[in-house]
1. Sort Lys45, Lys57 by Cβ crowding within 10 Å, fewest neighbours at the top.
2. Sort Tyr15, Tyr27, Tyr3 so that the residue with the fewest other Cβ atoms within 10 Å of its own Cβ comes first and the one with the most comes last.
3. Search the structure for amide H atoms under 5 Å from the amide H of Ala2, placed 1.01 Å from N in the peptide plane, and list their residues when 5 or more places away or on another chain.
4. Can you list residues whose amide H is under 5 Å from Arg52's amide H, if they're 5+ apart or on another chain and H is modeled 1.01 Å from N?
5. Fewest Cβ neighbours within 10 Å first, please rank Asp43, Asp49 accordingly.
6. Length gain on complete extension for the stretch Ser97 to Arg112, per 0.36 nm per residue less the alpha carbon to alpha carbon distance?
Amino acid sequence: MAYFFRLFPEHSLVYVRYSGTVTIDDYLSVVEGVRDHPDFSLDFKHLIDLTRLTNLKREYVKVMMAQARIAELVASSRSDILSVVVAPTPIAMEAASLVIRSWDKLDTPVVRRIVSDMSEAEALLGCRKGTLPELLNQFS
């Protein structure tokens, strides 16, 4: 499977890890799985881990259509939704940039940031230093 996600309700955090080759269908499966999870709340922060991504199936039209669907899902949020993407490699940066550019024309409460490592993500997410490695080591 090209993706894995886990919710940490005690930290109001959704963690998503993509690995290998990722498609827009993988992306949509994650969105739907997270949305349908019984612990999910719209005000959760999102940590998207692309450190294991090796390839990206470039489906530009499908990306735009998916983003429009996601925009509808998040429109009812009462506050901003922080989404931090860890993209340490050129392919990860390309994937992150593709998705972020696709949001440019959409008015949503999602605040997107791209960082190169987990320590930067931890700081942006407001986590106590060492929290992310502690959480993520459970299933690495």
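Here, each number is a calculation from the coordinates, and none is a lab measurement. Remember, it's a predicted structure, so these values are computed and weren't measured experimentally. Here Cβ is always computed from backbone atoms with ideal geometry, including for glycine, and neighbour counts include all displayed protein chains.
1. By the 10 Å Cβ count, ascending, the order reads Lys57, Lys45.
2. The order, fewest Cβ neighbours first, is Tyr3, Tyr15, Tyr27.
3. Here nothing satisfies the definition.
4. Placed amide hydrogens put Tyr18 under 5 Å from Arg52.
5. Asp43, Asp49
6. Gain on stretching Ser97 to Arg112: 4.4 nm.
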